[in-house]
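Read-outs: derived from the displayed coordinates by stated rules, not from any lab. Keep in mind it's a predicted model, so treat the numbers as computed, not measured. With ideal geometry, Cβ positions are generated from the backbone for all residues, glycine too; neighbour counts draw on all protein chains shown.
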Amino acid sequence: MRVNGEFTRAGKATKYAAYIMIDNVSRKVILVSDDTSMTYLFSEFRLSEQLGSLPDSLFFDDGHCFTSSRGVSLHNMITAKQKLGSFIHFLERRRIAVIGAVAGIIIALYFYFLIAVPAIASAVSHTIPDDFSRGLGEYTLSTADQRFLSESRLSAEKQQMVTALFRSVIPEKLKNDPLPLRIIFRDSEQGANAFTLPDGTIIITDDLVNLAENEDELAAIFLHEMGHHYHRHVLRSVISSSVLMVSVLWLTGDVHGMEDTLMASGSALFTLHYSRDMETGADEFAVRELKNQNRDPENMKAVLIRLSALQENNSNSLLSTHPGWENRLKTVDETK
Amino acid sequence: MDTEKPILSDIYIEKENIRQPVYNIRFHGRSGEYFKIWIVNLFLTIVTLGIYSAWATVRKRRYFYGNTEIDNSHFDYHARPVNLLLSRIIAAVFIGLYVIASLIHPILQITCLLILCLLAPYFILRSWRFNAVMTSFRNIRFNYHCHFGRGYRAILLLPLGLLAVLVVCVIAVGVGVSVVRLAYNDPYFASSAVTSGMIQLGLILVGTFFILSVQAKSVYELFFNHLAFGQKKFSVQLSYKKFIKIYSISVLIFLPFVYFGGMILSRLMTTVMLSNYYHADIIKSVFIVNMVSIYLIYLFGIMLSSAFIRVAVLKYVSANVALGDMLRFRSNITFPSYFLLIITNFLIVIFTVGFGVPLAQIRHVRYMAEHTRVIGDISLTTISAHGETKGVAVEDELVDAFDIGITL
């Protein structure tokens, strides 16, 4: 078999027209260029890996190189051992493989982001030392105090009353927690809200205390936040966003600009998804504990409805940190 | 430059007109073919949790290099995926350390960032070298000679020094104005605070672009003046003046967008403030529409001015790069056609949720290839290989693994 192409000598860039004769029986290649002819055994050259419709090259051990013309595949003519590369080349030309790859990518991403990442975060959160959570809690509190929190304006008696209630609603399974729950009062210009910090500190704003009309409503709020602490939600969301960041960087190591932005916004959507899942988990925890303590879960719905009236209608959209109010009320009903 | 040696440059032009052949760069990549390669790459990368990405990168680069032809000879890329994998692991360890540091303490995070900044020029030069040595044309490897002193000067010291000067200037303006106010003891001099603020803001804007243009010039020189094909060296002579001019024009292009965006923003802020004052409700959708339009205006402005910089710099640099005295280069890309390409690529990627990335990449490379000319004797009879790929020791391979993916 004769194949035309071009030839460069070892260490020189000048090219010559050349052809090779392939002899599959004695496993030899004869290279002919102008007046010279050279014979090589199959073991004396390396054949470039197949890729798309790139022309194939023979890299001879003595440094010479032969490149076939475009559209002529040396792989079909030289019977050498097939390698992994040629299997991938086989895949890259099949439509069915492409359809499979698209489906596989979507399934794999779904599995990874919706199941694997939360599971990893949950597993890792159990290995984090409590001292770390304490440090993170103190740091978060001091930053929040600087940014948007100020001294509570509630009276001392009111604070004592609420603190007593808080202690009485702590569920049995959280009583011996290595990171004990505590409550602190703050005023915030952003209105009614409550936060849980990684060290078990729960911050409640004056507006939220005033919003609750009875003890059971306050208990519902506390139990929701305690649910966050029980599941170590803050730590888990810190870990899962780190895992997300690293995996996006790892997967897109070779893309720039707009693809990066696209992936980053995609991972932001997943972060919000985890956040909504955590809120639902905390709601379920609260309803179950309310029932254990013989308090009416309807109180939780009442306080949720009042909160929803204060804030702009947030529908159950992809872009919110909390599930929509209707969904949260439904969760309460279903857990009952 | 040219005026210094008029006789030589005359001869050169004559030579170029009469004897120098001109070659087009041809790109044979097809988006359908590449899409399949890309999607299989992506799938295997995800399934192997990223390990395959090293093999994927080699296949991708081989596809683009191998399909780029000058005078019927194509480029080739020879990196071994295992080396790339090593560099990915090193990079991942660095990122992991950084993430852990940022979780533990902000000071540790900043220290980590500083160390990375200090190491950056070293990594950049090594990755240039790695990719040059792994790239070949007619089986002759490119080469990049690392001069770390010059690298640190161009990438780190020069911009940081200028930044320090800028900061001192900005502070000096503030202090100067205050001193003047105190000296005159004039209570009606209140407007001077606003004036000094405006001067400082202007200084920061102009100064930043000045630093960027100076850095760009020195980085391009750093790259091309130490790049070689075989043993033959590339060379380039660039002028600060030209770079400053290019960057100034791009600032002028960007300014109207800043103005319009700022106008919408200030109107929106006034509305929000008034509605707060009168306890009126502001419709959320109005707010969102306004914010989105501000974002789009800035995005469009940034794309427009950065496309201008890229076109102007590419034309200027490629006209001044030479391979020995054998080859010169020309780029005839134009701002409108390049901007159209960027915008359509952007839309393709957005509306295909990312699956159009291979099409966008093929379009970009084809455009670049079709608009570049190589002038000179392509028979390359005087080119011979450098021996620096032979006998690579294990530790050299480790160091050569620094493929961080930084491109000009």
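Descriptive notes on the structure:
- The dipole here belongs to chain B: it is taken about the Cα centre, uses +1 on the Cβ of Lys and Arg and -1 on the Cβ of Asp and Glu, and is about 480 debye.
- Considering only alpha-carbon pairs that sit under 8 angstrom and 6 or more positions apart, the relative contact order computed for chain A is 11 percent.
- Here the 3J(HN,Hα) profile of region B:143-154, calculated from phi with Karplus coefficients 6.51, -1.76 and 1.60 at θ = phi - 60°, is 8, 9, 8, 6, 10, 5, x, 5, x, 5, 5, 6 Hz, Gly and Pro shown as x.
- Cα long-axis angle, helix B:191-224 against chain B (0 to 90 degrees, to the nearest 10): 0 degrees
- Inter-site label distance for B:Phe355 and A:Lys158 at 7 Å from Cα along Cβ, in nm: 5.8 nm
- Stretch gain in nm, segment A:Ser69-A:Glu44, where the contour uses 0.36 nm per residue and the Cα spacing is subtracted: 6.9 nm
- FRET efficiency estimate (nearest 0.05) - Cβ-Cβ, A:Ser53 to B:Tyr152, R0 51 angstrom: 0.70
- Max mean-square fluctuation residue, GNM over chain A, Cα-Cα springs under 10 Å, options A:Lys12, A:Lys158, A:Lys291: A:Lys12
- Using the Karplus relation 6.51 cos²θ - 1.76 cosθ + 1.60 with θ = phi - 60°, the per-residue 3J(HN,Hα) values for region A:87-100 come to 5, 5, 4, 4, 4, 5, 10, 9, 5, 5, 5, 5, 4, x Hz, with x marking Gly and Pro.
- For chain B, relative contact order (Cα pairs under 8 Å, six or more residues apart, normalised by length) works out to 24 percent.
- Local electrostatic count at A:Ala282 - Lys and Arg +1, Asp and Glu -1, tallied over other residues with Cβ under 14 Å: -1
- Cα-based helix-to-principal-axis angle, B:284-320 vs chain B, degrees rounded to 10: 40 degrees
- Each other residue within a Cβ distance under 11 Å of B:Ile37 adds +1 if Lys or Arg and -1 if Asp or Glu, for a net charge of +4.
- 13 Å beta-carbon shell around B:Phe335, net charge (K/R +1, D/E -1): +2
- The relative contact order of region A:1-133, computed from alpha carbon pairs under 8 Å that lie at least 6 residues apart in sequence, is 17 percent.
- Simple spin-label estimate for A:Asp145 and B:Ile90 gives 4.5 nm between the two label positions (7 Å along the Cα-to-Cβ direction from each Cα).
- Per-residue ³J(HN,Hα) for region A:110-127, Karplus 6.51 cos²θ - 1.76 cosθ + 1.60, θ = phi - 60°, Hz, x for Gly and Pro: 4, 4, 5, 7, 8, 10, 5, 4, x, 5, 4, 4, 5, 5, 5, 4, 6, 8
- Spin-label pair A:Phe132/A:Asp333, simplified geometry with 7 Å Cα→Cβ offset, distance in nm: 4.2 nm
- Relative to the longest principal axis of the Cα atoms of chain B, helix B:357-370 runs at roughly 70 degrees.
- A:Arg94-B:Leu97 FRET efficiency (beta carbon distance; Förster radius 45 Å; 0.05 resolution): 0.60
- Choice from A:Val29, A:Val209, A:Val303 with maximal GNM fluctuation in chain A (Cα, 10 Å cutoff): A:Val29
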